[in-house]
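**Q** Pasting a structure here, questions to come.
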Amino acid sequence: QVQLVESGGGLVQAGGSLRLSCAASRRTSSTYAIGWFRQAPGKEREFVAAISWSGGSTIYADSVKGRFTISTDNAKNTVYLQMNSVKPEDTAVYYCAGRDNSMSSIATRYDRWGQGTQVTVSS
């Protein structure tokens, strides 16, 4: 089974940038997809972005479109979430998730999850 480990979280000022990483423990199949989700205190987990590892197809939540970019580095078995122009409402624990199937914005369709990394945006 693939293990996923997030890193890169921290404290950033509003308007700043942060890059999150999701490292897979081994090379995944070409059909594998990675999604980023986030959960703020007292709120449900919500979809952020997803990418198909093979072809690089991506989907984004409307709330982050134009500000966040998801990408892969196949040589490093790593998926990145570049977060630009961050806002206080982006504050949450960010999780990456994996599934051996097409991209999805639905959390329950993913069967592998990382431990999460905290992102805090100060105003």
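**Q** At q = 0.19, 0.21 Å⁻¹, work out log10 I(q)/I(0) for the chain with the Debye formula, treating every Cα as an identical point scatterer and leaving solvent out; two decimals please.
**A** So the normalised log intensities are -0.96, -1.17.
**Q** Can you list the trypsin sites (Lys or Arg not before Pro) in segment 1-65 that are in a DSSP coil and have 12 or fewer other beta carbons within 10 angstrom?
**A** Sites meeting the loop and neighbour criteria: R26, R27, K43, K65.
**Q** So, one more: Which value, in debye to the nearest 20, describes the size of the charge dipole of the chain about its Cα centre when Lys and Arg Cβ atoms bear +1, Asp and Glu Cβ atoms bear -1, and nothing else is charged?
**A** Dipole magnitude for the chain comes out near 160 debye.
**Q** For Cα pairs less than 8 Å apart in space and 6+ apart in sequence, what is the mean separation divided by the residue count of the chain, i.e. the relative contact order in percent?
**A** 37
**Q** Turning to a different aspect of this structure: Ignoring any ligand, DNA or RNA, what whole percent of the accessible area of the chain comes from carbon and sulfur when the probe is 1.4 angstrom?
**A** 45
**Q** With every protein chain left in place, what is the accessible area per residue of segment 1-47 in square angstrom, probe 1.4 Å? Please list the in-between numbers first.
**A** Details: 2640 Å² over 47 residues.
Here the per-residue accessible area is 56 Å².
**Q** Taking K and R as +1 and D and E as -1, what net charge do the other residues with C-beta under 15 Å from the C-beta of T28 add up to?
**A** +2
**Q** Spelling out what I want: for every residue of segment 112-123, take phi, set θ = phi - 60°, compute 6.51 cos²θ - 1.76 cosθ + 1.60 (Karplus), and round to whole Hz; glycine and proline get x.
**A** 10, 9, x, 8, x, 9, 7, 10, 10, 10, 8, 8
**Q** Now, a different point. If you keep only loop residues by DSSP, which GluC sites (Glu not before Pro) in segment 1-72 have at most 10 other Cβ atoms within 10 Å of their Cβ?
**A** E44
The values are calculated or read from the model by the stated rules, or taken from the named source; none is laboratory data. Fair warning: this is a prediction, and the values are worked out from it, not measured in the lab. Backbone-built Cβ (ideal geometry, glycine too); neighbour counts: all protein chains shown. All accessible areas refer to the heavy atoms of the entire protein, side chains included, with ligands and DNA or RNA removed. Shrake-Rupley method; radii C 1.70, N 1.55, O 1.52, S 1.80 Å.
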